[in-house]
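The values are calculated or read from the model by the stated rules, or taken from the named source; none is laboratory data. In this text, all values refer to a predicted model and were calculated from it rather than measured experimentally. Counting neighbours? That spans all protein chains shown, and the Cβs are built from the backbone with ideal geometry, glycine included. Quick note on the areas: whole protein, heavy atoms, side chains included, nothing else; ligands and nucleic acids left out. Shrake-Rupley method; radii C 1.70, N 1.55, O 1.52, S 1.80 Å.
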Amino acid sequence: MCGIVGYVGAREAVGVILDGLRRLEYRGYDSAGVAVLTGDGLARRRAEGKLRNLEQSLSAEPLAGHFGVGHTRWATHGRPSEENAHPHTDCTGGLVVVHNGIIENYLPLKARLQAAGHRFVTQTDTEVVAHLVESLYQGSLEQAARAALRELEGMYALVLMHRDEPGLLIGARQGPPMVVGLGDGEHFLASDVPALLAYTRDIAFLGDGEMAVVRGDRAALSRLDGTSVELRPQRIAWDPVQAEKGGFRHFMLKEIHEQPRAVRDTLLGRIGLEQGEVHVEELGPAAEALRKVERVTLLACGTSWHAALVGKFLLEQIAQVPAEVDYGSEFRYRQPLVGAGTLAVGISQSGETADTLAAFREAVGRGATGVAICNVQGSMLTREAAGTLLTHAGPEIGVASTKAFTSQLVALGLLALQLGRLKGTLSADACREHLVGLTRVPHLMEQSLAGLERQAEELSRELVHATDFLYLGRGIHYPIALEGALKMKEISYIHAEGYPAGEMKHGPIALIDERLPVVALLPRGRGREKMLSNVQEVKARGGRVIAVNAGPDDDLRGVLELRDAVLTVPEAEEMWSPLLMTLPLQLLAYHVAVRAGRDVDQPRNLAKSVTVE
Ligand code: AGP
């Protein structure tokens, strides 16, 4: 998934573009490039590898101009190289395009254009767009773009510019996100909000099938057939600093420590403690549908799928509503039995994950009421949902999701409480009791983060040498074992597996030896006794245990040895205990990855949001 920035105004375009691309680098990065209209015409500069390679090239040979586009690439078609880096041009070199997504019909289009004499120089799907627009260009880039876009099939967010129409940017969206930034005498196009916050907080989001015509002094939205669309800028509350590292070494560490605030902000204005009530206003028309809900299907990918697994427990135990969980990438291939009585909940930090969007559309298309739990206002998932329960985690820049995950758990808790109250399956007193437990979580997080971080950093000294990890959890904590394993493998590149603890004796126990660290989640209450037995089974086979333990560890004494470890988290109500159990697992993965010298915020092969299927 790629990063795009376009600028037109009075500033030097290269500075604005590079600044914006830096804030988008988490979206994907194997090459980068810019194109600027200079005094000598349309100049292009590209570089393979990290953005800094492009910056070095531009500082050696600057490009001066007030109108241009830039791009960071995460390759889908064509290997990462300078030649395949965007922007791509037409035969004349006077028209450039930057693109995020996949043009699914690029091969027949390319064959047709080559037969008409167009000369291609890359293996990318994107280059087809430049030649297609060129073939339709008769002096109006807007018209040529409209005609060309109607021929494209697939997913795209793209920006076009032409040397013969200085000051005009054309943006278009079908799938991956695109936003318009509105400034005073200057306008911007970008893939995502953080790219623009240093310049403007007035942002409008393009919808699917919409095109933006942008000049220094104005911007307009329309559909491909030319019908205008109201430009509805939103005032984005995130300030530029918030989207920066705030003094932490990595975005990921900053975001781990932002979780108390993210949880507080996600609760803000949505609960009535005294009355034992929850009111999620933004659910809008979907709130009425909640009363008639017979079952819930939770759709997500990756870490958000782990949140969905916790959500199943919350919905079934708090609201007494059957809930099932499906991978976004699997759901639509199993002829799902979904109907009017189903509430489909799409869970996504970015709101742009193609697999989750596709599953969500499948469920809604089969008659379900679609609700989004999402961290990005205006993203595609929120635009397609009948109602949205926004997580207010703020921009999550680190590729490994942390504060968005715990905020999703809070949002799922609120949904379960709201559903229980609306359906009459949860009394006000019981709701109040759950809310008291939930509102204590931010403080418990604040109380424990610093100590857990010190322990995790200390443990990482040895754990960095491990070649495998096994994470064990039961019940509502089994998804947390999965999440802890995903965190470890996606940023440290060390293999890690999450397992329901009860399943260990059905296979994984064969893995146990003194080299394999076993992370065991030991909450208070249900399942603790059995978890203690699992810990003893591991110890009996010489295994090393890292116990994530809620509350006093008196029943662990005599079980663990000096080489084992205990990471103590505060005790919380069972429903909310996952919010606390997750913290040490995030910190463990972070410090092992740092010690392993990994690119923690931008792990290899990963992108922050996977907008291709
Ligand atoms: C999270 O640590 C991963 N980077 C990844 O699994 C992510 O959760 C997944 O791609 C879903 O993203 P979304 O929440 O933006 O839909």
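Every residue, every condition in (1) surrounded by fewer than 24 Cβ atoms within 10 Å (Cβ to Cβ); (2) touching a Leu at 6+ places or on another chain (Cβ under 7 Å); (3) under 22 Å from G20 (Cα atoms), yes or no:
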site	(1), (2), (3)
K50	yes, no, yes
D90	yes, no, no
V98	no, yes, yes
E127	no, no, no
L136	yes, no, no
Which numbered condition G525 misses (of (1) away from the ligand (no atom under 16 Å from the Cβ); (2) modelled with pLDDT under 90; (3) touching a strand residue (DSSP E or B) at 6+ places or on another chain (Cβ under 7 Å)): (3)
Kindly indicate which of R249, R270, R218 is modelled with pLDDT of 90 or more, within 30 Å of L196 (Cα to Cα) and not aliphatic (A, V, I, L, M). R218
For H477: the one exception among (1) within 16 Å of the ligand (Cβ to nearest atom); (2) buried (at least 24 other Cβ atoms within 10 Å of the Cβ): (1)
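Would you check if E514 is in contact (Cβ under 8 Å) with a residue 24 or more places away in the chain and either out of contact with any His (no Cβ under 9 Å at 6 or more places or on another chain) or polar (S, T, N, Q) (or both)? Don't jump to the end; show me each part of the working.
Working: in contact (Cβ under 8 Å) with a residue 24 or more places away in the chain: yes; either out of contact with any His (no Cβ under 9 Å at 6 or more places or on another chain) or polar (S, T, N, Q) (or both): yes.
So E514 passes the test.
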State all residues of the stretch 319-357 that are in contact with a Leu (Cβ under 9 Å, 6 or more places away or on another chain) and more than 11 Å from the ligand (Cβ to nearest atom); if no residue qualifies, say none. A319, Q320, V321, P322, A323, E324, V325, D326, F331, L343, A344, V345
Of the listed residues (L390, L419, L412), the one being within 16 Å of the ligand (Cβ to nearest atom), open to solvent by less than 10 Å² (accessible area, probe 1.4 Å), farther than 26 Å from R595 by Cα and not small (G, A, S) is L412
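On the basis of being in contact with a strand residue (DSSP E or B) (Cβ under 7 Å, 6 or more places away or on another chain), surrounded by fewer than 21 Cβ atoms within 10 Å (Cβ to Cβ) and farther than 30 Å from G420 by Cβ, does R215 make the cut?
Numbers: in contact with a strand residue (DSSP E or B) (Cβ under 7 Å, 6 or more places away or on another chain): yes; surrounded by fewer than 21 Cβ atoms within 10 Å (Cβ to Cβ): yes; farther than 30 Å from G420 by Cβ: yes.
Judged against the criteria, R215 is a match.
Report the residue count in the stretch 47-68 for those that are within 20 Å of L169 (Cα to Cα) and touching a helix residue (DSSP H, G or I) at 6+ places or on another chain (Cβ under 7 Å).
Filtering the stretch 47-68 down to residues within 20 Å of L169 (Cα to Cα) leaves 63-68.
Applying the additional criterion that residues be touching a helix residue (DSSP H, G or I) at 6+ places or on another chain (Cβ under 7 Å) yields 63, 65-68.
So the answer is 5.
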From the list L516, L511, L532, exactly one residue is of a type outside the set (V, I, T) and either closer than 18 Å to S460 by Cα or buried (at least 23 other Cβ atoms within 10 Å of the Cβ) (or both). Which is it? L516
Which pairs have Cβ atoms under 6 Å, sit 6 or more apart or on different chains, and link a residue in the stretch 285-307 that is free of Cβ contacts under 8 Å to residues at least 40 places away in the same chain to one that is away from the ligand (no atom under 16 Å from the Cβ)? none
It is to be established whether one or more residues within the stretch 29-41 are open to solvent by 30 Å² or more (accessible area, probe 1.4 Å), assigned to a loop (DSSP other than H, G, I, E, B), closer than 30 Å to H250 by Cβ and in contact (Cβ under 8 Å) with a residue 60 or more places away in the chain. yes
The lone condition K608 fails out of (1) within 16 Å of the ligand (Cβ to nearest atom); (2) open to solvent by 60 Å² or more (accessible area, probe 1.4 Å) is (2)
Please enumerate the residues belonging to the stretch 1-23 that are among the hydrophobic types (A, V, I, L, M, F, W, C) and open to solvent by less than 30 Å² (accessible area, probe 1.4 Å). M1, C2, I4, V5, V8, A13, V14, V16, I17, L18, L21
For the stretch 459-474, enumerate the residues that are of a type outside the set (G, A, S) and either touching a Pro at 6+ places or on another chain (Cβ under 8 Å) or surrounded by fewer than 24 Cβ atoms within 10 Å (Cβ to Cβ) (or both). L459, R461, E462, L463, V464, H465, T467, D468, F469, L470, L472, R474
So T200, is it polar (S, T, N, Q), under 28 Å from the mean Cα position of the chain (by Cα) and not in a strand (DSSP E or B): yes
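Report whether or not E483 is open to solvent by 10 Å² or more (accessible area, probe 1.4 Å) and either part of a helix (DSSP H, G or I) or away from the ligand (no atom under 16 Å from the Cβ) (or both).
Working: open to solvent by 10 Å² or more (accessible area, probe 1.4 Å): no; either part of a helix (DSSP H, G or I) or away from the ligand (no atom under 16 Å from the Cβ) (or both): yes.
When the stated conditions are applied, E483 does not pass them.
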Kindly list the number of the only condition in (1) closer than 20 Å to P285 by Cα; (2) open to solvent by less than 10 Å² (accessible area, probe 1.4 Å); (3) within 14 Å of the ligand (Cβ to nearest atom); (4) not hydrophobic (A, V, I, L, M, F, W, C) that fails for E384. (2)
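Restricted to the stretch 311-327, and to residues that are touching a residue at least 60 places away in the same chain (Cβ under 8 Å) and of a type outside the set (A, V, I, L, M, F, W, C), which residue is least open to solvent (accessible area, probe 1.4 Å)? Spell out how you get there, then give the answer.
Pass one, the stretch 311-327, residues touching a residue at least 60 places away in the same chain (Cβ under 8 Å): 311, 313-315, 317-321.
With the extra rule that they be of a type outside the set (A, V, I, L, M, F, W, C), the set shrinks to 311, 317, 320.
Values: G311: 0, Q317: 74, Q320: 113 Å².
Ranking the qualifying residues of the stretch 311-327, first place goes to G311.
Looking only at the stretch 575-596, decide whether some residue is at pLDDT below 95 and more than 16 Å from the ligand (Cβ to nearest atom). Show your work before the answer.
We begin by selecting, within the stretch 575-596, every residue at pLDDT below 95; these are none.
Looking for residues that are at pLDDT below 95 and more than 16 Å from the ligand (Cβ to nearest atom), one finds none in the stretch 575-596, hence no.
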How about the stretch 273-310: which of its residues are assigned to a helix (DSSP H, G or I), open to solvent by less than 10 Å² (accessible area, probe 1.4 Å), within 16 Å of the ligand (Cβ to nearest atom) and of a type in the set (G, A, S)? A307, A308
Consider T425 against the criteria (1) assigned to a helix (DSSP H, G or I); (2) over 21 Å from the mean Cα position of the chain (by Cα): it satisfies all of them except one. Which criterion is unmet? (1)
Does any residue of the stretch 162-170 turn out to be assigned to a strand (DSSP E or B) and touching a helix residue (DSSP H, G or I) at 6+ places or on another chain (Cβ under 8 Å)? yes
